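Worksheet: the structure to be examined is printed underneath.
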Amino acid sequence: MSFDADVIIVGGGLAGLSTAITANREGLSTIVLERGEYSGSKNVSGGRMYTHALLQLFPDALERAPLERPVTKETYEVFCDEGKKITFSFEHKTKNSYTILRAKFDQWLAKEAENEGVLISYSTLVTNARREKDYIVVETNRGELKAPLIVDAGGVTSPVSRFLGIKKLEPKTLMLGVKEILDVKPNLPEDEGEARTIMGLIGNLKGGGFVYTNKDTLSVGVTIKVESLYNSNLPSHEIVERFREALGIEGNILEYSAHLIPYYGYDKLSNLYDRNLIVVGDAAGFLINDGFNIRGMDLAIGSGIVAGKALKKIKEMNDYSKTDIYYEMLKESFVLRDLKTALRSFKVLNEEEIFTKYPKILCNTLSKLFTVTSDGKERPINVLITESKNENVNTTKMLSDIMRLFI
Amino acid sequence: MTVNLLKRLGLNKYNVDKNSHIQVNTDICLTCKDKPCTKVCPAGTYEPSPDGRIIVHYERCLECGAALVACPYGAIKFTFPEGGISYKYG
Ligand SMILES: Cc1cc2nc3c(=O)[nH]c(=O)nc-3n(C[C@H](O)[C@H](O)[C@H](O)COP(=O)(O)OP(=O)(O)OC[C@H]3O[C@@H](n4cnc5c(N)ncnc54)[C@H](O)[C@@H]3O)c2cc1C
Ligand code: SF4
């Protein structure tokens with residue numbers, strides 16, 4: 001049987017390109033199929049990347065990659081009714097994470113891959129996939145291709161896994177991200193940047209928002225659980241607009257984009273591999289949202305690097321059913337380790353009260369603590385208990401939920 | 001600074017396919033009261049029509065993928081378009 005390549009990778013985003021670069025360096029012939037006219041043309045991210053995985057791929061990436069700004073200031077804001085707001089800010093002059101713009105970044109990564117010998121076929125839409133005896137055929141708008149190893153790097157909608165019937169998408173495991181880019185130049189020195197995480201400005205919807213500073217622009221967006229949109233009073237195409245207006249951000253809009261975000265959690269991950277198939281990045285559900293960070297990009301690159309190395313081992317064994325090797329290697333990597341660690345906080349974020357009631361209780365409690373009247377002062381814990389009762393919330397459960405976010 | 005949805009969508013580069021990549025079984029929509037697809041789609045692709053069915057503006061689609069799960073009754077059939085959107089900035 002002759003094949004089109006050792007490995008066909010569906011999706012030329014961060015996960016697919018990282019798999020391709022690694023597999024190619026390991027000596028495998030590799031084809032990437034990308035439906036966009038260039039890598040990055042259909043990719044959406046809030047845009048804050050933790051760079052550790054990228055540095056594994058390119059140790060000199062901080063000098064060469066098109067990064068926007070290092071995040072040197074973290075701001076966490078919880079808005080409540082009646083103009084109350086809790087703010088927490090932390091400054092650190094590190095280069096641990098950078099803001100990026102995917103249309104630029106993914107294009108750069110694709111060029112790097114091509115320079116190293118990876119073949120990328122753009123404007124190539126995979127429309128179906130079927131399993132033959134010991135290989136997989138992918139159907140595209142340009143014809144069929146077959147290989148003994150296929151990588152599903154098609155992002156959150158997991159095209160190959162869906163076409164093969166081993167994955168079904170459910171609203172409860174998905175969030176929707178909606179984002180604008182504004183032509184607002186941050187008032188910061190060039191080597192500084194800010195990441196704002198914002199809760200409480202999108203009504204009763206389960207989710208939050210962000211504002212990231214790029215070199216000359218701002219990325220402003222929201223991430224919301226799909227299920228909570230069903231009964232929303234606000235259609236999702238108005239949410240970012242309201243959010244931006246509530247923050248008082250003014251500027252010309254340069255771009256409006258949206259994308260689903262996987263929201264599975266470590267214990268609900270499935271379809272990571274199958275016979276002749278390896279799944280990476282968002283297609284595998286590799287996303288961490290622990291209330292402080294949203295991380296998918298470093299996990300996409302990290303899982304791609306592991307996949308590339310695993311593909312080499314599988315080829316050497318000449319047994320293309322042995323894709324569980326990838327899973328064994330993933331368990332040793334930061335990808336599954338960090339997802340496992342984040343599980344507790346991930347579960348807390350599934351609790352309705354986190355978005356609706358807790359911010360109000362905390363704001364009202366702090367408001368009373370900082371207000372002095374002639375009625376005399378109450379002990380903070382008593383204020384908290386009263387405010388929890390007003391919202392029908394058990395104080396002990398609330399405190400334990402908040403603790404679970406941290407420990 | 002309110003910016004109309006169509007104006008926001010018009011900022012993106014589109015290569016609209018000749019045939020719609022979205023099919024809706026609008027007979028099912030007749031019995032659907034809350035029309036959740038109209039709330040979920042960030043591009044306003046699904047618009048309720050006075051006869052109780054749904055009008056699909058497939059040329060607005062941002063390809064976020066939400067259409068794959070937006071309809072609880074399985075009335076939407078969504079495939080990605082061949083052309084579709086290209087983002088320039090972010
Ligand atoms: C609003 C928003 C904010 C986010 N914020 C952050 C953040 O700040 N930090 C962070 O780390 N992560 C963030 N994420 C998550 C992050 O963007 C993803 O985890 C990451 O993009 C996953 O990369 P990927 O390569 O797996 O998938 P993608 O980037 O989605 O790439 C998949 C590729 O496959 C292609 N493709 C899909 N289907 C087909 C097909 N049938 N045929 C051919 N090609 C196909 C697509 O065109 C695309 O290029 C955010 C996501 C969103 C939506
Ligand atoms: S949710 Fe489904 S059934 Fe209801 S209006 Fe929309 S497409 Fe029709």
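Bear in mind these aren't lab numbers, they're just calculated from the coordinates by the rules spelled out. From a predicted model like this one, the values you see are computed outputs, not experimental measurements. Don't worry about glycine lacking a Cβ; one is built from the backbone with ideal geometry, like all the others, and counts go over all protein chains shown.
Brief remarks follow.
- Of the Cα atoms belonging to segment A:190-315, the radius of gyration and Dmax stand at 17.8, 55 Å.
- Gaussian network model of chain A, Cα within-10 Å springs - most flexible of A:L366, A:L109, A:L336: A:L366
- Between the listed residues A:Y263, A:G285, A:V306, the Cα displaced farthest toward the positive end of the dipole of segment A:226-356, a dipole computed from Cβ unit charges relative to the Cα centre, is found at A:V306.
- Cβ neighbours within 10 Å from other chains - mean over B:73-83: 2
- Computed label-point distance, nm, for sites A:S270 and B:D17 using a 7 Å Cα→Cβ extension: 2.7
- Panel order for A:F286, A:F334, by other beta carbons found within 10 Å of each beta carbon, from fewest to most: A:F334, A:F286.
- Computed FRET value (nearest 0.05) for A:L55 with B:K33, which takes r as the C-beta separation and R₀ as 60 Å: 0.70
- GNM on chain A, alpha-carbon springs under 10 angstrom: the most fluctuating residue among A:G47, A:G304, A:G248 is A:G248.
- Convex hull of alpha carbon positions in the protein assembly as shown: directionally averaged projected area 25.0 nm².
- Each of B:V24, A:V372 has some number of other Cβ atoms within 10 Å of its Cβ, and from fewest to most they run A:V372, B:V24.
- Among the GluC sites (Glu not before Pro) within segment A:193-274, those in coil by DSSP and having at most 15 neighbouring Cβ atoms inside 10 Å are A:E250.
- Relative pair counts by distance (%), Cα atoms of segment A:1-155, 5 Å bins: 2, 9, 16, 17, 15, 11, 9, 7, 5, 4, 3, 1, 0, 0
- On a per residue basis, the convex hull of the C-alpha atoms belonging to segment A:23-88 measures out at 170 Å³.
- Per-q log10 I(q)/I(0), segment A:283-407, q = 0.15, 0.20, 0.22 Å⁻¹ (Debye; single scatterer per alpha-carbon; no solvent): -0.78, -1.06, -1.17
- Taking a point 7 Å out from the Cα of A:D216 in the direction of its Cβ, the residues of segment B:1-26 whose backbone N falls within less than 20 Å of it are B:11-13.
- Note on segment A:164-230: along the principal axes its Cα atoms extend 49, 34, 17 Å, ordered by decreasing extent.
- The alpha carbons of segment A:257-342 give a radius of gyration and a Dmax of 13.2, 43 Å, in that order.
- The equivalent ellipsoid that matches the C-alpha gyration tensor of segment A:77-172 spans semi-axes of 40, 23, 12 angstrom, in descending order.
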